[in-house]
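Q: Below: one structure in C-alpha cells.
The values are calculated or read from the model by the stated rules, or taken from the named source; none is laboratory data. Every value quoted in this text rests on a predicted model; they were computed, and no experiment measured them. Please note that ligands, DNA and RNA were not included when accessible areas were found on the heavy atoms of the full protein model with its side chains. Shrake-Rupley method; radii C 1.70, N 1.55, O 1.52, S 1.80 Å.
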Amino acid sequence: MACTEEAKLEHFLQWLQVNGAQFRGCKIKYCDSTKGFGIYSTNGSPEDGVLLVVPLDLAITPMRVLQDPLIGAECRAMFEEGEVDDRFLMILFLIVERLRKNSSWKPYLDMLPTTFGNPVWFTDDELLELRGTTLYRATELRKKDLMSVYEDKVKELVKKLLVLDGDSESEVWFEDFLWANSIFWSRALNLPLPHSYVFPQIQEDVGTTCPVDKISEGSTSHSCSEEPINEINGKRFEAHGNDSKVNGVTSTSKQEETVWVEGLLPGIDFCNHDLKAVATWEVDGTGSITQIPLSMFLISALQSPLPVDKEVSISYGNKGNEELLYLYGFVVDNNPDDYLMIHYPGEAIQNISFSDFKGQLLVAQKAAMRCLLPKNLLDHGFFATGSSNCKANNTSEANDRICNFSWSGHRKTPSYLSKLVFPEDFMTALRTIAMKDEEVSKVSAMLEELVGTEGERQPSETEIRTAVWEACGDSGALQLLVDLLQKKMMDLEESSGTEDSDSELLENACVIGNAEQQTSKEANNLVQQKLMSRNRWCSIVYRRGQKELTRLFLKEAEHALQLSLSEGN
C-alpha cells in the first residue's frame with residue numbers, strides 16, 4: 001500500500017478513536033485492488049466476541065443531515081417542501097462534504113473508494129459484455145435517470161448548500177453525484193435504532209419535538225423519488241444492511257419502539273461480504289454489552305476465537321449475482337443464491353385476443369406478470385439433486401394448489417404438480433394470457449353462473465383461478481413459458497455466444513484491476529488475448545450464470561409441457 005494510503009488510514013483510525021470508536025479485537029487494513037480496505041482480526045480476541053464499537057453519533061443518517069449546523073436548516077426546508085427524500089438527503093450531504101475544503105468528515109471520506117465495479121461505472125466496451133441480460137437495459141436506464149436527476153436537481157441544490165459555507169466557486173460535476181450515489185447504495189445499513197434516539201425531545205419551552213419528526217415515514221417505508229435507480233425489472237434492491245445477519249436492537253427498554261433508519265456508519269461499513277460470514281452487527285441502546293450507550297458493535301459469529309489476521313466478513317444477504325453486481329460491483333462465482341428473472345411484457349397484452357377481458361381477469365386473480373426463479377427451486381424439480389426436505393416442502397405447496405383445481409371435476413389434477421417449480425401466481429398469469437378464444441368463452445360462462453342473472457355477487461380470486469384452470473389447463477401456459485425462456489436464451493446468446501464459450505473465456509482469463517492496464521505494449525499477443533478487466537470478468541460470470549439457469553429452467557418447463565400434453569392438461 002502506498003505511503004499516501006497508509007497516511008489516510010492512520011488519519012482515519014485516529015479520527016474514529018477521537019470520536020469514541022473502540023477497536024477491541026480487529027483492525028482495518030488494505031485487502032487488495034478488488035476489495036479495497038477490510039477489517040481483520042488481531043491478537044487477543046475479547047471473550048465477549050465484541051470486535052469493534054462505534055457510537056451512533058458517527059452515523060450519517062437523515063436526522064444527522066437535518067440537524068447539521070451548516071446545511072441542516074436549508075435541507076429541512078427542502079425536505080418539508082418535498083423536494084428531497086431521506087435517501088437523497090444523505091447523497092446530497094456526501095457530495096457537499098466531499099467538496100467542502102474543511103469538512104470534519106474528510107478522514108472518513110478520504111478512505112472511501114473513488115471508483116466502483118457496478119455497471120454505471122463500466123466503460124462502453126465493458127458494458128457491451130452485458131448485452132442480452134436484464135442488467136444491460138437496467139444500466140442504460142439508470143445512467144439516463146442519474147444524469148436527469150443531476151441536471152434537474154443536484155447541481156442547483158449542491159451549489160446552494162456550498163454557498164452557505166462561503167464557497168461560490170466550486171464546480172459540481174456529474175461524477176460527484178455518481179460517486180455519492182454509489183457510496184450510499186453500496187455501504188448503507190438499515191439501522192435498528194431506539195425511538196428516543198431518532199426522535200429526541202428538545203427543550204420544554206419550545207414545546208415541540210425536534211424537526212426530524214417527519215423522517216420516520218420516509219425512512220421506514222424506503223421511499224425514493226429517484227426510481228428506478230436501484231430497481232431492475234420490478235425487483236427492488238436494498239443496501240446490504242437490510243437483510244444482513246442482524247439480531248436487531250439489544251439492551252434497550254422492552255417498552256421502547258425500534259425505528260429502522262438507513263445510514264452510513266464509518267468503520268463498520270468496511271466489512272466485506274462473504275457467504276460464510278464470521279461476524280454480525282448489533283445496536284446497543286443502553287451500553288449493557290459494550291459499555292457505550294447508543295452504539296453499534298461488530299461481534300464474532302464463531303464459537304471459537306478468530307484466528308489472527310482473518311478477514312472479518314459479514315453477509316450482505318442471500319443475493320444473486322445480478323443484485324451483487326448492480327449494487328456492489330462484484331459477483332460470486334457459482335453463487336448458490338443466483339436467480340433468473342422471467343417476465344411477460346405488459347405491453348404485449350394489447351396485441352392478444354380478448355385483451356380487455358384477460359386484463360380484467362389478471363387483476364382479479366392478482367396474477368404476477370414476472371417472477372424470480374431462485375436456483376434452489378431446481379432442488380425439487382423434475383431433475384432434482386436436492387434434499388428430501390425440499391421435496392417435502394414442495395409437496396405441501398402442491399397440496400395447497402390442488403385445492404384450487406376443483407370445479408366440475410372434468411379436468412384431472414396433474415400428476416406432476418409436486419415437481420412443478422414455477423410459482424403459481426406466474427402460472428396463473430400465463431394461463432390467462434394463453435387462453436384460446438373458445439376457452440375464454442368457457443371461463444365467461446362459468447363465471448356468469450356464479451354471478452347470477454342479477455349480479456348478486458362477485459366471484460372470488462380462487463373461483464376465477466379455478467375457472468381458468470378448468471377451461472384451459474396448463475399446456476397453453478407451459479408452452480408460453482417455454483417460448484419466454486427460449487427467447488431469454490436467444491437474447492443472452494446473441495451477443496456473447498453459449499454458456500460453454502463463456503466458460504472457456506473464464507478458464508483462460510488473466511484478470512487485472514482495470515481496463516487501462518490492458519494496453520501494455522510489452523505483453524505479447526497471446527497474453528493480451530487472455531487479459532481481462534475485473535469488470536469484464538464479473539460480467540461474464542454473471543451472464544454465464546444467467547445462461548445456466550435459463551437452460552435448466554427451460555429443461556424443467558419443456559418436461560412439464562410434455563407431461564401436461566400427455567395428460568390432457
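Q: Quick check: convex hull over the Cα atoms of region 47-114, volume per residue in Å³, rounded to an integer?
A: Numbers: hull volume 8.5 nm³, N = 68.
Spread over its residues, the Cα hull of region 47-114 gives 124 Å³ apiece.
Q: Then there's this: Can you give me the pair-distance distribution of region 37-167, C-alpha pairs, 10 Å bins, whole percents?
A: Spelled out bin by bin, region 37-167 gives 10, 30, 28, 22, 10, 0 percent.
Q: How big is the equivalent ellipsoid of region 314-370 along its three axes, where each semi-axis is √(5λ) from the Cα gyration tensor, reported in whole Å from largest to smallest? Walk me through the numbers before you get to the answer.
A: Values: eigenvalues 259, 28, 15 Å².
The answer is 36, 12, 9 Å, longest axis first.
Q: Compactness ratio of region 1-84: Cα Rg over 2.2 N^0.38 Å, N = residue count?
A: Working: Rg = 17.6 Å, N = 84, 2.2 N^0.38 = 11.8 Å.
Rounded to two decimals, the normalised Rg is 1.49.
Q: Another question about this same structure. On the protein heavy atoms, probe 1.4 angstrom, tell me the percent of accessible surface of region 32-151 carried by carbon and sulfur.
A: Taking all protein chains in place, region 32-151 shows 45 percent carbon and sulfur surface.
Q: How would you classify region 102-176 from its alpha-carbon gyration tensor, with a ≥ b ≥ c the square roots of the eigenvalues: rounded for a/c under 1.5, else prolate if a/b is greater than b/c, otherwise oblate? Before the final figure, lay out each step's value.
A: Working: a/c = 3.62, a/b = 1.82, b/c = 1.99.
It is oblate, given that a/c is not under 1.5 and a/b is not larger than b/c.
Q: Right, another one. So, for region 1-134, what is the accessible surface per residue at a probe of 1.4 Å, expressed in square angstrom?
A: On the way: 5750 Å² over 134 residues.
On a per-residue basis, region 1-134 sits at 43 Å².
Q: Would you pull out the residues with amide H under 5 Å of residue 37's amide H, same chain only if 5 or more places away, H placed 1.01 Å from N?
A: Amide H neighbours of residue 37, under 5 Å, 5+ apart: 31.
Q: Additional query: Of the accessible area of region 285-395, with the probe set at 1.4 angstrom, what percent is carbon plus sulfur?
A: Numbers: 2670 of 5100 Å².
Roughly 52 percent of what the probe reaches on region 285-395 is carbon or sulfur.
Q: Which of the pairs 375/530; 35/319; 8/319; 8/310 have their Cα atoms more than 25 Å apart in this structure? The partial results should precede the final answer.
A: Details: 375/530 30 Å; 35/319 18 Å; 8/319 32 Å; 8/310 22 Å.
In this structure, 375/530; 8/319 exceed 25 Å between Cα atoms.
Q: Let me ask you something else. Where q = 0.27, 0.31 Å⁻¹, what log10 of I(q)/I(0) comes from the Debye formula for region 290-347, counting one point per Cα?
A: Calculated log10 I(q)/I(0) at the listed q: -1.08, -1.20.
Q: Counting each pair of different Cα atoms once, what's the Kirkwood radius of region 270-311 in Å, rounded to one decimal? Intermediate results must be reported in sequence, preceding the final value.
A: Details: mean 1/r = 0.0855 Å⁻¹.
Result for region 270-311 stands at 11.7 Å.
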